[in-house]
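**Q** After the C-alpha cells below, expect a handful of questions from me.
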C-alpha cells in the first residue's frame, strides 16, 4: 500500500509561493513595525521549544501577545509613547500572565475580548490613516498581530477542550468515630441548621 505524499502537491507549492510573496510584501510595507514583534515572537517560540517555560496550552497566543507587548515596551522606551500604549501593555500583560498561569475559558475569553476590542479600535483608526504613512504601516502590523493572536487563542482553546488538564479526584468524605472511652458531645441539633 502506498501513501500519497502531500509535500509535492501543486497546491502546497502554490501556498508556499503565495505565503512567501505575501510575507515579503507585508515586510516591505511595514518595515521595522513588523521586524521587532516578529523577532520577539520567534524568540518566545524558541524559548518555549528549548526550555521548560513552554505553556501547556496557548503557546502561540502567549508568544504572539508577549511579542506585541515587547514591541509596545520598546516603542514606549524609545519614543516615550507610554500614554498611547500604556493601557495595551497593562491589559495584554494581565491577559498573558493569566492565560499562562491559569489556562482556561475565562483567561482565554479575557484576552480574546481585549484583542478583539483593540482590533476594532485599531481598524477604525487604520481606515482613517493615509495609505503608506508611518501610522498606516504600524497599524497594519498591529492588526495582523492582533488577528494572529485571536487565531492562536481559538486554536489553543480547541486544543484545551480536546486535551483537558488532569484534574485531581474529589476527596472522599471520611467519617470520624470517637476512640473507645472518649467523651461524646451531646447532639444539640446544630447540624440541622
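**Q** Which of the following residues is under 23 Å from residue 26 (Cβ atoms), surrounded by 15 or more Cβ atoms within 10 Å (Cβ to Cβ) and at pLDDT below 95: 104, 122?
**A** Values: 104 fails: under 23 Å from residue 26 (Cβ atoms).
Only one candidate passes the filter, namely 122.
**Q** Additional query: Are there any pairs with C-beta distances below 7 angstrom linking a residue in segment 9-32 that is at positive phi to a residue that is at pLDDT 85 or above and surrounded by 10 or more Cβ atoms within 10 Å (Cβ to Cβ), with the two at least 6 apart or on different chains, and if so which?
**A** 31/137
**Q** Let me ask another. Looking only at segment 33-59, count how many residues are more than 21 Å from residue 74 (Cα to Cα) and touching a residue at least 40 places away in the same chain (Cβ under 8 Å). Show your work before the answer.
**A** Quick first cut of segment 33-59, residues more than 21 Å from residue 74 (Cα to Cα) only: 48-59.
Those still in the list that are touching a residue at least 40 places away in the same chain (Cβ under 8 Å) too: 55-59.
Matching residues across segment 33-59 total 5.
**Q** Given the condition at pLDDT 95 or above, farther than 15 Å from residue 71 by Cα and either touching a strand residue (DSSP E or B) at 6+ places or on another chain (Cβ under 9 Å) or loosely packed, with under 15 Cβ neighbours inside 10 Å (or both), answer yes or no: does some residue in segment 133-144 qualify?
**A** No, there is no match, as no residue in segment 133-144 is at pLDDT 95 or above, farther than 15 Å from residue 71 by Cα and either touching a strand residue (DSSP E or B) at 6+ places or on another chain (Cβ under 9 Å) or loosely packed, with under 15 Cβ neighbours inside 10 Å (or both).
**Q** To continue, here is another question. Restricting attention to segment 148-164, and to residues there that are out of contact with any helix residue (DSSP H, G or I) (no Cβ under 6 Å at 6 or more places or on another chain) and farther than 17 Å from residue 109 by Cβ, which single residue is modelled with the highest pLDDT?
**A** Looking at the filtered set, the residue picked out is 162.
**Q** Which count do you get for residues in segment 86-113 that are assigned to a helix (DSSP H, G or I) and closer than 25 Å to residue 165 by Cα? Spell out the reasoning first.
**A** Within segment 86-113, the subset assigned to a helix (DSSP H, G or I) is 86-101, 105-113.
Next, only the ones that are closer than 25 Å to residue 165 by Cα stay: 92-101, 105-113.
Residues that pass the stated criteria total 19.
**Q** Same structure, new question: Which one of the conditions (1) touching a helix residue (DSSP H, G or I) at 6+ places or on another chain (Cβ under 6 Å); (2) closer than 18 Å to residue 142 by Cα; (3) without any contact (Cβ under 8 Å) to a residue 40 or more places away in the chain does residue 68 fail to meet, given that it meets all the rest?
**A** Here residue 68 meets the rest and fails (3).
**Q** Within segment 71-89, how many residues are within 17 Å of residue 32 (Cβ to Cβ) and surrounded by 13 or more Cβ atoms within 10 Å (Cβ to Cβ)?
**A** Looking only at that region, the number is 8.
**Q** Okay, moving on. Got at least one residue in segment 13-26 being surrounded by 12 or more Cβ atoms within 10 Å (Cβ to Cβ) and within 26 Å of residue 118 (Cα to Cα)? Reasoning before the result, please.
**A** Pass one, segment 13-26, residues surrounded by 12 or more Cβ atoms within 10 Å (Cβ to Cβ): 23, 26.
Checking the rest, the ones that are also within 26 Å of residue 118 (Cα to Cα) come to 23, 26.
Yes, there is a match, as at least one residue in segment 13-26 is surrounded by 12 or more Cβ atoms within 10 Å (Cβ to Cβ) and within 26 Å of residue 118 (Cα to Cα).
**Q** List the number of the failed condition for residue 9; all other conditions in (1) at pLDDT 90 or above; (2) loosely packed, with under 13 Cβ neighbours inside 10 Å; (3) over 18 Å from residue 118 (Cβ atoms) hold.
**A** Every listed condition holds for residue 9 apart from (1).
The values are calculated or read from the model by the stated rules, or taken from the named source; none is laboratory data. Source: prediction; values computed, not measured. Neighbour counts are summed over all protein chains in view; Cβ atoms, including those assigned to glycine, are modelled from backbone coordinates with ideal geometry.
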